[in-house]
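Beneath this line is the structure, given in structure tokens, with notes to follow.
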Amino acid sequence: MIQIGHEPDPAKRRRMRQGQTIRKIRKLRQMSVAELAERCDVTVGAVSQWETGRFTPRQEMQVRVARALDVPWSTIFALDAEVVS
């Protein structure tokens with residue numbers, strides 16, 4: 001059954017929040033999607049999918065992302081992480 005106005009499941013909300021945080025920090029660092037992709041040794045498409053919340057990076061990649069953005073892992077990937085303002 002499809003419900004109009006239904007909230008996304010918790011995992012999807014978490015992916016979306018993490019993606020928003022990655023994008024926000026990347027922009028604060030004045031880093032392009034291509035530059036973050038290069039630093040993490042992934043494709044631009046992979047970074048785009050993280051930022052849109054379609055996928056979340058695997059744990060070992062999460063560490064690379066945090067290092068590339070020069071933030072603690074928990075800033076992005078902790079369950080209670082807030083979007084950086």
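Rule-based calculations on the coordinates, nothing more; no lab input. Bear in mind the structure is a predicted one, so any value in this text is a computation, not a measurement. Cβ: placed from backbone, ideal geometry, glycine included. Neighbour counts: every protein chain shown.
Could the peptides 40-49, 18-27 be put in order, highest first, of the mean number of other beta-carbon atoms found within 10 Å of their residues?
Answer by packing, highest mean first, reads 18-27, 40-49.
Kindly write out, for the range 54-64 in residue order, the coupling ³J(HN,Hα) from the Karplus curve 6.51 cos²θ - 1.76 cosθ + 1.60 (θ = phi - 60°), rounded to whole Hz, with x marking Gly and Pro.
5, 9, 10, x, 5, 4, 5, 6, 4, 5, 4
Please list, in chain and number order, the residues 5+ apart from Thr43 or on another chain whose amide H is under 5 Å from its amide H, with Hs placed from the backbone.
none
Step through the residues of the range 24-38 one at a time and calculate ³J(HN,Hα) from phi using the Karplus curve (6.51 cos²θ - 1.76 cosθ + 1.60, θ = phi - 60°), rounding each to whole Hz and writing x for Gly and Pro.
Once θ is set to phi - 60°, the couplings for the range 24-38 become 4, 5, 4, 5, 4, 7, 6, 10, 7, 4, 4, 5, 5, 4, 5 Hz.
What is the distance, in nm, between label points placed 7 Å from the Cα along the Cα-to-Cβ direction at Lys24 and at Met61?
2.2 nm
With each pseudo-label sitting 7 Å past Cα toward Cβ, what's the Arg54-Asp70 distance in nm, one decimal?
Computed distance between label sites Arg54 and Asp70 equals 3.0 nm.
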